[in-house]
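The values are calculated or read from the model by the stated rules, or taken from the named source; none is laboratory data. Since this is a predicted model, take the numbers as computed values, not measurements. Reconstructed Cβ throughout: ideal geometry from the backbone, glycine too, with neighbour counts over all protein chains shown.
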Amino acid sequence: MKAIMLMFDSLNKHMLSAYGSDDAITPNFQRLKERTTRFNNFYVGSMPCMPARREIHTGRYNFLHRSWSPLEPFDDSMPEILKKNGIHTHMVTDHKHYWRDGGATYHSRYSTCEFIRGQEGDSWKGVVDAPAYQYESGEPEEIKQRRIASRTQHQVNVQFMKDEDDHPLARTINSGLEFIRTNQAADNWFLQLECFDPHEPFFVPEKYLEMYGIDDSSIFDGWPPYYFVTESEERKSTIQKYYKALLTMVDAYVGKVLDHMDKYDLWKDTLLIVNTDHGFLLGEHEWWGKNIMPLYNEVANIPFFIWHPECGGAGESREALAQTIDIPATLLDFFGLEKPVDMQGVSLRPAIINDSPVREHALFGYHGCHINITDGRYVYMRAPVERDIDELYEYTLMPTRINRRFTPKELQGLTLHPGFSFTKGCQVLKIPAESIMTRGADRFGHRLYDLQTDPKQKNQCRDSDIAKRLCAAMENTMQANDAPEELWARYGLTASPMLLGLDPAVVPEFSDYSPDIRYGMLCLLQHLENAGEKTIAQQLRSESQPGWSRDDLWRFILETLPASQHQSVFYKMALEMRLN
């Protein structure tokens, strides 16, 4: 028995021909659809990249207890379980996060692995005194400098990728195909062939750009913004075309994997999964990217294809609700192994056979932001009702973030927690959380969407009975996952009657102001107090009125703050004041 998981990052379901779209050229995804079982209601669990990958190993939610996380000492790892049971596990990937501080415990769980260098800002090629990427925004300085460093390194890396064969996507797939050719006659192996594309930067060979009418590859640098849409329709279309061109390149390499499945007749004994960690917003809901905004279905409802040689179902689709935490249980089941007691995902075998339900609800979200739940028809988003960042914690024995260790300052507030049901008797560090994503996360409010009548989630549903039902299911699922106790107060659960409404929080200051102005005022005050501008902060409190508009806020800033602060302040406030 053999298994292949072909995984991509930021793969958009709504742009694939296999899901009924003609937005992009994807004939091989259509071919994939005809050879596999397509799931229509497959959801993310924990967001974004490494939280999703932790779920692929452990089969349980990451986001209730942790943000970006490496594997913990108490975690069960699906590839490691396979390895310990005599199944050779091999990973080929160009996903650089596996080799950074926040993901460095994953690749060693496999029997063997191969890392393809050069994606995004991977610290690959060394060019001293390379020109720095020009980047200006109002983001916090740490984030701004990280983006500059990553994009400067990307400019260096692409100098060594002159031909398509040099592209990380091509090298990754070709290395995976080499493994298949070498081992196609052997038994008992699992290949995780994982590609960073079509994640940004949208670095695309010209022949794919030309398919979308782009003759000059320099008109866009490949880095889409990560905030709300401010671009012209022409610029917006250009960014979308770059993604589509990269998606078409991805499609071409999907075809190469299918060619090998055909050539070696692997369909008879090989499980094939094609999946992604999450989608990506390309202007829908007037947003770019992910992370900041509500977890709309363009990001949360993801493509999933599976061929199970024992179950069949080629060319068929399934409506059964499933999600990322079900992948490891499905793989263990295929190889005849029991899943660990702490693995809460379930095997998809019943759903593949005859669309039998395998779960009633799917929980998903980012650490500290909305907790979301769906039953396949409705999506309910539960916002924090508490703005106090100190009431959110990271629980870990591996204190690293995406690209660094926790700082001594961050660790000074830690305490020792007795642990959870899944930590196997281990105590864990309880560290106050600190994230720009969670600040003001309540500004989007609780939300309910009916996907049957409103699949694009343009209008909120106001059925309080459905909201109450899904809220109760959310509480039950959180209890089953041993959610930290502070989350109940943070999200106003159990004791709170507030279930709907764009503005669940009642803040002590400016409660008579409209929600967007209120959050803009709070953001501006925070900026002023952090900058030591207490006199201007007091002036704002005395001059502002409940009837103020955005123009009044902008006028106050222009008249009282130095011009050097305007861009930063406008950026921060615009994010806070965005409510849709």
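Let's see how each residue does on (1) modelled with pLDDT of 95 or more; (2) in a helix (DSSP H, G or I); (3) touching a Phe, Trp or Tyr at 6+ places or on another chain (Cβ under 8 Å):
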| site | (1), (2), (3) |
| --- | --- |
| Gly86 | yes, no, no |
| Gly102 | no, yes, yes |
| Lys125 | yes, no, yes |
| Tyr135 | no, no, no |
| Arg146 | no, yes, no |
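With respect to the conditions (1) without any contact (Cβ under 8 Å) to a residue 24 or more places away in the chain; (2) of a type in the set (D, E, K, R); (3) outside the structural domain of Ile180 (by TED's automatic domain parsing), Lys125 falls short on a single one, namely (1).
Among the residues of the range 250-279, those identified as assigned to a loop (DSSP other than H, G, I, E, B) and surrounded by 23 or more Cβ atoms within 10 Å (Cβ to Cβ) are Asp277, His278, Gly279.
The helices (runs of 4 or more DSSP H) falling completely within the range 524-580 that include 1 or more residues that are at pLDDT 90 or above, out of contact with any Phe, Trp or Tyr (no Cβ under 7 Å at 6 or more places or on another chain) and not hydrophobic (A, V, I, L, M, F, W, C) map to 534-543, 550-560. Looking at the range 45-56, is at least one residue of a type in the set (Asp, Glu) and under 23 Å from Leu281 (Cα atoms)? Yes: one or more hits. Is it the case that the range 406-414 has a residue that's of a type in the set (S, T, N, Q) and in contact (Cβ under 8 Å) with a residue 12 or more places away in the chain? No, that holds for no residue.
Out of the residues in the range 321-356 that are small (Gly, Ala, Ser) and in a helix (DSSP H, G or I), which is nearest to Leu271 (Cα to Cα)? Per the criteria, the residue is Ala329. One residue stands out in the range 160-201 among those that are touching a residue at least 24 places away in the same chain (Cβ under 8 Å) and of a type in the set (Val, Ile, Thr): the one that is farthest from Leu11 (Cα to Cα), namely Ile180. Considering His57, His97, the condition of being under 30 Å from Met478 (Cβ atoms), assigned to a helix (DSSP H, G or I) and touching a Cys at 6+ places or on another chain (Cβ under 6 Å) is satisfied by His97 alone. For residues that are of a type in the set (A, V, I, L, M) and surrounded by fewer than 12 Cβ atoms within 10 Å (Cβ to Cβ), scanning just the range 481-510, find the one that is modelled with the highest pLDDT. Selected residue: Ala495. In summary, strands (runs of 3 or more DSSP E) completely within the range 376-470 and bearing 1 or more residues that are surrounded by fewer than 16 Cβ atoms within 10 Å (Cβ to Cβ) occur at 415-417.
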